[in-house]
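Here's the structure, in structure tokens; my notes come after.
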Amino acid sequence: MKRYIDDVAVNTIVGEGSFVAGNVNSMGFTKIDGDVKGNIVSKGRVTISQNARVKGNVRGTAVIVGGIVNGDIIAPESVHLSSTAVVLGTIVTKHLIMEEGVLFSGFCYAVNNAAGFEDAESSYKNKRVVESAASRYR
């Protein structure tokens, strides 16, 4: 069985000037320098650089945002929003770091233990189901 070490090697890169229309699924560390219109799901860390733009949800063990994310972020370990970050969506994590200058509009569930995180993630998922059902009747 192949093991991925997400702190040592980048497993997936969307380079600057590149555009991906569709979901990105990765087994390890994922670095986004370009644009993604779709969800990003990684079993490792995700870094969205200063010039990157993502229109979709992001999930990774830890997520660092320097660019724009128009979607929700779920990271069991941590979310770090650099001073250039723009996030429009919900954040669910155990640990949130937000530098001065960040633009964040949405909800945040930051709980520092595993059980609390699981409850927050479950609450988030339930909320999404209700919103999805309600939007069908608009």
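Summary table
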| quantity | calculated |
| --- | --- |
| Check on residue 54, in a strand (DSSP E or B), closer than 17 Å to residue 24 by Cα and open to solvent by 50 Å² or more (accessible area, probe 1.4 Å) | no |
| Which numbered condition residue 44 misses (of (1) open to solvent by 20 Å² or more (accessible area, probe 1.4 Å); (2) at pLDDT below 95; (3) outside any strand (DSSP E or B)) | (1) |
| Neighbours by Cβ (under 6 Å, 6+ apart or cross-chain): first from segment 110-138, without any contact (Cβ under 8 Å) to a residue 40 or more places away in the chain; second in a helix (DSSP H, G or I) and among the small types (Gly, Ala, Ser) | 111/120 |
| Criterion (part of a strand (DSSP E or B) and touching a Ser or Thr at 6+ places or on another chain (Cβ under 6 Å)) met by exactly one of 74, 64 | 64 |
| Set 14, 79: member being within 13 Å of the chain's Cα centre (by Cα) and open to solvent by less than 30 Å² (accessible area, probe 1.4 Å) | 79 |
| Pairs where the first residue, in segment 17-34, is more than 16 Å from residue 68 (Cβ to Cβ) and the second is of a type in the set (Asp, Glu), C-beta under 8 Å, 6+ apart | 28/6; 29/6; 29/7 |
| Qualifying residues in segment 78-110 (those that are out of contact with any strand residue (DSSP E or B) (no Cβ under 8 Å at 6 or more places or on another chain) and not small (Gly, Ala, Ser)) - the one farthest from residue 54 (Cα to Cα) | 100 |
| Every residue from segment 18-39 that is assigned to a strand (DSSP E or B) and of a type outside the set (Ser, Thr, Tyr) | 19, 20, 21, 24, 25, 31, 32, 35, 36, 37 |
| Residue count, segment 82-92 (criterion: open to solvent by 40 Å² or more (accessible area, probe 1.4 Å) and part of a strand (DSSP E or B)) | 1 |
| Candidate set from segment 27-51 (those that are small (Gly, Ala, Ser) and more than 13 Å from the chain's Cα centre (by Cα)); member that is farthest from residue 85 (Cα to Cα) | 28 |
| Any hit, segment 22-34, residues being open to solvent by 70 Å² or more (accessible area, probe 1.4 Å) and of a type in the set (S, T, N, Q) | yes |
| Residue, least open to solvent (accessible area, probe 1.4 Å), within segment 93-138, restricted to residues that are in contact with an Asp or Glu (Cβ under 9 Å, 6 or more places away or on another chain) and assigned to a helix (DSSP H, G or I) | 124 |
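The values are calculated or read from the model by the stated rules, or taken from the named source; none is laboratory data. Because the structure is a prediction, the values reported are computed rather than measured. Cβ atoms come from the backbone with ideal geometry, glycine included; neighbour counts cover every protein chain shown. Each accessible area value is taken on the protein alone, full model and side chains, heavy atoms only, with ligands, DNA and RNA left out. Shrake-Rupley method; radii C 1.70, N 1.55, O 1.52, S 1.80 Å.
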